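Presented below is the structure to which this report refers.
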Amino acid sequence: MIQQRPGDVLEVFYEDNWYYLVVITKIFMFGGNIVYAFHGDGKKIDDFVPSTEKSGFNICTDFLLPKKEGIVKRIGKVEDPAKYLVINLIKGCHEHRKGMKAKEWWLYTVDPPRKHVARVSRLTKRESLAMDSGMFAFDLTAKKIHENYTPDQNPFIERGVFRGLFS
């Protein structure tokens with residue numbers, strides 16, 4: 001079982017699908033790392049080369065499940081993992097009911113120590129790209145990868161309504 005470190009490029013075989021990720025941080029939240037998860041269709045990619053040009057998203061995930069049930073393999077290293085951080089913010093809200101939209105958002109920095117940046121009723125387009133708050137089990141991360149999820153698709157964001165004219 002590997003111990004993932006910032007900069008590691010990981011190939012995960014989980015439930016008959018292949019996933020590719022770059023580890024950005026050390027253990028960050030409840031045993032999870034912030035990673036850049038590359039969108040994919042579950043097929044193995046021989047000689048995978050990570051790039052910030054490839055579509056994906058940031059998420060805090062743990063590797064407990066795939067380490068236990070599947071294969072987690074270090075297939076490379078990137079020199080500057082921080083460049084895989086889409087935006088240095090985490091967004092969160094208290095709304096968790098299906099079909100409801102958040103009336104208030106909290107924004108924090110990713111860099112330790114995490115600092116509260118703002119409390120807003122609407123996000124700017126840029127803020128909507130901030131990583132979703134929380135640590136997600138790998139099965140949920142895998143589902144988001146297959147769905148080509150990005151944080152601006154968060155179901156609690158009111159669509160088409162952003163704060164700021166040019167944000």
Whole-Hz ³J(HN,Hα) for each residue in the range 98-112, computed from phi via Karplus 6.51 cos²θ - 1.76 cosθ + 1.60 with θ = phi - 60°, x for glycine and proline: what do you get? 4, x, 8, 10, 5, 9, 8, 10, 10, 10, 10, 7, 7, 4, x
DSSP loop (so not H, G, I, E, B), at most 14 other Cβ within 10 Å: list which chymotrypsin sites (Phe, Trp or Tyr not before Pro) in the range 15-98 pass both filters. PHE30
With at most 16 other Cβ atoms within 10 Å, longest stretch of the chain clear of loop trypsin sites (Lys or Arg not before Pro) (DSSP): 116-158
Sequence-distant or interchain residues sharing an amide H contact under 5 Å with GLY76, placed H: which? VAL9
What is the ratio of the Cα radius of gyration of the range 8-152 to 2.2 N^0.38 Å, where N is its residue count, to two decimals? 1.05
Relative contact order computed over the chain (Cα-Cα under 8 Å; 6+ residues apart), in percent: 24
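Could you state the accessible area per residue of the chain in Å², with a 1.4 Å probe and every protein chain left in place? List each step's numbers first, then the result.
Numbers: 9550 Å² over 167 residues.
Per-residue accessible area for the chain comes out at 57 Å².
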Give the carbon-plus-sulfur fraction of the accessible surface of the range 8-152 in %, rounded to a whole number; probe 1.4 Å, heavy atoms of protein chains only. 52
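The values are calculated or read from the model by the stated rules, or taken from the named source; none is laboratory data. Since we're looking at a predicted model, the values are computed, not measured. Here Cβ is always computed from backbone atoms with ideal geometry, including for glycine, and neighbour counts include all displayed protein chains. Keep in mind that these areas ignore ligands, DNA and RNA; they rest on the heavy atoms of the full protein, side chains included. Shrake-Rupley method; radii C 1.70, N 1.55, O 1.52, S 1.80 Å.
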